[in-house]
1. Here is a check on your reading of the model: is P119 under 25 Å from N4 (Cβ atoms), surrounded by fewer than 17 Cβ atoms within 10 Å (Cβ to Cβ), at pLDDT 95 or above and touching a Leu at 6+ places or on another chain (Cβ under 6 Å)?
2. Please work out if F70 is within 17 Å of the chain's Cα centre (by Cα) and part of a helix (DSSP H, G or I).
3. Which of the residues belonging to region 94-138 are more than 18 Å from F70 (Cβ to Cβ), of a type in the set (A, V, I, L, M, F, W, C) and not in a strand (DSSP E or B)?
4. Looking only at region 124-133, decide whether some residue is over 16 Å from K2 (Cα atoms) and surrounded by 12 or more Cβ atoms within 10 Å (Cβ to Cβ).
5. Given (1) surrounded by fewer than 16 Cβ atoms within 10 Å (Cβ to Cβ); (2) more than 14 Å from the chain's Cα centre (by Cα); (3) more than 18 Å from V53 (Cα to Cα), where does L95 come up short, assuming only one miss?
6. Scan region 74-85 residue by residue and report those that are under 10 Å from Y129 (Cβ atoms) and assigned to a loop (DSSP other than H, G, I, E, B).
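The values are calculated or read from the model by the stated rules, or taken from the named source; none is laboratory data. Everything numeric in this text was worked out from a predicted model, so none of it was measured. Virtual Cβ from ideal backbone geometry, glycine too; neighbours counted across all protein chains shown.
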Amino acid sequence: MKINKIDHICIAVKNLEEARKIWEPLMGKSKPDDEYIDEPEKIKVARYYLGEVGFELMESTTPDGDVAKFVEKRGEGIMLISFNVDNTRQTMEELKGKGYPFIGGARKFRDCEFAFLHPRAANGVLLEYIDDKTKPPKD
């Protein structure tokens, strides 16, 4: 398995618009590089590229979404770190073969797939493996 880079870091927030007011000046940004709603994951996202790495602010779209549950249990903050790999399914199989547990299987997002490694396997950190090939926009 080869990690190409840190793909993105996700911050779980209660209110995306309020969080943007805090974070955009801290990053020197006036707006997200990408905004979207991911219905299956129940999240509204503002993504910023800092060099090659994405930085995401995520708000739950429903009270029962994973982000809402995270904020309720732990408060706002870093929810996950995402590693970019060539092939999510191959990475999952390799890590499963070494005894690492995943939460469910590979999930679709745009033109790629991602999967979550259970946080109990990584010192309480939720890791995501994603085979996204999207290039950050040129400044």
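1. yes
2. Working: within 17 Å of the chain's Cα centre (by Cα): yes; part of a helix (DSSP H, G or I): yes.
Answer is yes for this residue.
3. Listed by number, the list holds a single entry, L95.
4. Start the filter on region 124-133 by keeping residues that are over 16 Å from K2 (Cα atoms), which leaves 124-126.
Now restrict to residues that are surrounded by 12 or more Cβ atoms within 10 Å (Cβ to Cβ): 125-126.
Yes: region 124-133 contains one or more residues that are over 16 Å from K2 (Cα atoms) and surrounded by 12 or more Cβ atoms within 10 Å (Cβ to Cβ).
5. Checking L95 against (1) surrounded by fewer than 16 Cβ atoms within 10 Å (Cβ to Cβ); (2) more than 14 Å from the chain's Cα centre (by Cα); (3) more than 18 Å from V53 (Cα to Cα), the one that fails is (1).
6. Step one: of region 74-85, the residues under 10 Å from Y129 (Cβ atoms) are 82-85.
The one that is under 10 Å from Y129 (Cβ atoms) and assigned to a loop (DSSP other than H, G, I, E, B): V85.
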